[in-house]
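Have a look at the structure below before the remarks.
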Amino acid sequence: MAKVQKRFVCQACGAVASKWQGQCVDCAEWNTLVEDAGAVVTPFSAKHNLQAGGRAFELTGLDSDIALPERASTGIKELDRALGGGFVEGSATLIGGDPGIGKSTLLLQATAKLADQGLSVAYVSGEEAADQVRLRARRLGLGKSPVQLAAATSVRDILTTLGQGKPPALLVIDSIQTMHSDLIEGAPGTVSQVRASAQELIRFAKERGTALVLVGHVTKDGSIAGPRVLEHMVDTVLSFEGERSHQYRILRAIKNRFGGTDEIGVFAMEQEGLSEISNPSSLFLTHRDETVTGATVFPALEGTRPVLVEIQALTVRLASGATPRRAVVGWDSGRLAMILAVLEARCGLSFSTCEVYLNIAGGYRVSDPAADLAVAAALISALSETPVASDSISFGEISLSGEIRPVAHGNLRLKEAAKLGFTRAVVPAGTGKEKSALRCTEFRTLRQFVDHMLRRD
Ligand code: TYD
Ligand code: MG
């Protein structure tokens, strides 16, 4: 008699527990554990090992001939860039993002472009009625594109339909959380349903050479809803980010088996859908004024692409002994605490009686460690009310000992800044050796930099 092992899966993070609990031990969410049909242990599988009876296959060397996969380039450069060149046949791509960020719009535009090139493209919406999608396509001026459209949620129906004729070159499933597989029990959106539906769709894509795109919703902590397992199953994970109140959207590759993971695509959400932004620096720099304190420009690097962003800091002195607030938008709060500690311990600047606010302008998120020096400059400028020259940029990594470390691609950053009219740069020692149009001032330690800024030297 086959014995079914009970197991419970957290719907928020995908952690597995052997018994039900009110709170998930992994992500600490409440009431998220749901019973999941686990693997069936048969007497046969329990008794036999797997060392005989299989089919032998041939092992080959790394230098054997390879057939490079075909890519379907969408013609939307920012999307192609994030994908590493285009959608790869027989691959699965997951696009995650907050509701309303523009995933459906982006994919509708991409499918229309591909269909216009003569590729067979199917768009299956589980969220919107076909008429709704059609209406949106018409509003975006894509009404004439030969995209095959359907509203469906049953994976069996979808695969039966698509399996009949020649399979489409691209299949978009919007979204995977609305899909339902009848191989397994449970409501759509549960971890086991999402996993089973995705598995079936991916198998179809691999067998038929279809490029599959799954849309995934994002939970409040930023991971793609339900299962992290989904991220392991697909070849490429893209995340579509941005503040809904801002126009700008960034498509970021998180995982890519067919390309780099540090590329981004930048878009603006407009009346006529998403438009490409080929020069993102102009977008994240606010109107710069000579007299402002607490603002510096940092040349961030996204993959091979420099993006100039403005870092803003504000310090507010507290009268009472209340615990001062530290609020960060667009940067890591742990990293801010570290920079504040280094400024305090190594440079004698005290922020302990100040509230500190740090903001990256334009709704951008910086993860580049080279931002340390620019953040420090903004903080010092805010605290001392000394303006930073509006034609200067700064970058460098700061260590706990207060040293300023060189960072990767200094040259690329300087070149982009020069292109946008900046004339001065504060850089780590050892960076400015190369020919640069900017006047570079090098610093070895944060203390030297602080002394220079506050004219203490
Ligand atoms: P949508 O693509 O439906 O988001 P998602 O699929 O990620 O949930 O985008 C919805 C938002 O985008 C909606 O709030 C309106 C806005 N939008 C525009 O501003 N311009 C447009 O041309 C379109 C189609 C949408
Ligand atoms: Mg949508």
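The values are calculated or read from the model by the stated rules, or taken from the named source; none is laboratory data. Not measured: the values here are computed from a predicted model. In this analysis, Cβ positions are derived from the backbone assuming ideal geometry, glycine residues included, and neighbour counts consider all displayed protein chains.
Hey, among the residues in the stretch 155-176 that are within 16 Å of ligand 1 (Cβ to nearest atom) and not in a loop (DSSP other than H, G, I, E, B), which one's surrounded by the most Cβ atoms within 10 Å (Cβ to Cβ)? Before the answer, list the steps.
First, the residues of the stretch 155-176 that are within 16 Å of ligand 1 (Cβ to nearest atom): 172-176.
Next, from what is left, pick out any that are not in a loop (DSSP other than H, G, I, E, B): 172-174, 176.
Values: V172: 28, I173: 28, D174: 24, I176: 30.
Here the answer is I176.
The set of residues in the stretch 243-261 that are away from ligand 2 (no atom under 16 Å from the Cβ), over 19 Å from S73 (Cα atoms) and surrounded by fewer than 16 Cβ atoms within 10 Å (Cβ to Cβ) comprises S245, H246, I254.
Determine which member of the set G96, G85, G100, G90 is closer than 15 Å to H217 by Cα, surrounded by fewer than 20 Cβ atoms within 10 Å (Cβ to Cβ) and either among the small types (G, A, S) or in contact with a helix residue (DSSP H, G or I) (Cβ under 8 Å, 6 or more places away or on another chain) (or both). After applying the criteria, what remains is G100. Within the stretch 1-26, the set of residues being surrounded by fewer than 16 Cβ atoms within 10 Å (Cβ to Cβ), part of a loop (DSSP other than H, G, I, E, B) and either modelled with pLDDT under 80 or not small (G, A, S) (or both) comprises M1, A2, K19, W20, Q21, V25, D26. The set of residues from the stretch 115-128 being more than 16 Å from V215 (Cβ to Cβ) and either within 14 Å of ligand 2 (Cβ to nearest atom) or of a type in the set (A, V, I, L, M) (or both) comprises A115, L119. Does the stretch 177-192 contain any residue that is among the β-branched types (V, I, T), surrounded by 24 or more Cβ atoms within 10 Å (Cβ to Cβ) and at pLDDT 90 or above? The answer is no; no qualifying residue exists. Checking each residue in the stretch 140-153 for being in contact (Cβ under 8 Å) with a residue 40 or more places away in the chain and within 15 Å of ligand 2 (Cβ to nearest atom) picks out only L140. A single member of T74, T105 is at negative phi, under 23 Å from the mean Cα position of the chain (by Cα), at pLDDT 85 or above and within 16 Å of ligand 2 (Cβ to nearest atom), and it is T105. Screening the stretch 282-304 for residues that are out of contact with any strand residue (DSSP E or B) (no Cβ under 7 Å at 6 or more places or on another chain) and not in a loop (DSSP other than H, G, I, E, B) and picking the one that is modelled with the highest pLDDT gives L301.
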